[in-house]
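See below for the structure under consideration.
The values are calculated or read from the model by the stated rules, or taken from the named source; none is laboratory data. Predicted model only: the values in this text are computed from it and were never measured. Here the Cβ positions follow ideal geometry from the backbone for every residue, glycine too, while neighbour counts run over all protein chains shown. These accessible areas exclude ligands, DNA and RNA; they are computed on the full protein's heavy atoms, side chains included. Shrake-Rupley method; radii C 1.70, N 1.55, O 1.52, S 1.80 Å.
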Amino acid sequence: MNLFTFFSNILNKRHGVSASTSDKIRRDWASINNLLKGKSPSQLRQALITADKTLDNALRDIVDGQTMGERLKNARDKFDPITYNKLWDAHKIRNNLVHEADYEPPY
């Protein structure tokens, strides 16, 4: 399952997320799409950070784990292998963006 399908399923109540989480996903997804349209480096960075946070909020409702990394590990069976690996790569880039001052992500 790819990320778009995953979020679509969440919004259609197939994964058991709360109504408030579903509403937040809808708002965040609209914001992410607007940021991606801008295509500036800062907008792309913010889109990635927001998408990572949105995924983490959804995962909190459907899998156990103290950290995003633990929740992502516990959600492995929710994604196809290619998407799962891309999510991990994106999460690592997000971590570098917020924790390393001079980090320049690949675009």
Rounded to the nearest 10 degrees, the helix 19-38 long axis (Cα) sits at an angle to the longest Cα principal axis of the chain of 30
Excluding residues fewer than 8 positions from Lys73 in its own chain, the lysines with Cα under 20 Å of it are Lys53, Lys86, Lys92
The percentage of the accessible area of the chain (probe 1.4 Å, all protein chains present) made up of carbon and sulfur atoms, to the nearest whole number, is 50
Taking a label point 7 Å from the Cα of Glu104 along Cα-to-Cβ, the residues of region 34-62 whose backbone nitrogen sits under 20 Å from it are 39-49
Mean-square fluctuation maximum in Gaussian network of the chain, Cα pairs under 10 Å, restricted to Thr67, Thr21, Thr83, hits Thr67
The chain: Kirkwood hydrodynamic radius (Cα pairs, Å) comes out at 14.3
To the nearest 10 degrees, the tilt of helix 41-62 (Cα long axis) against the first principal axis of the alpha carbons of the chain is 20
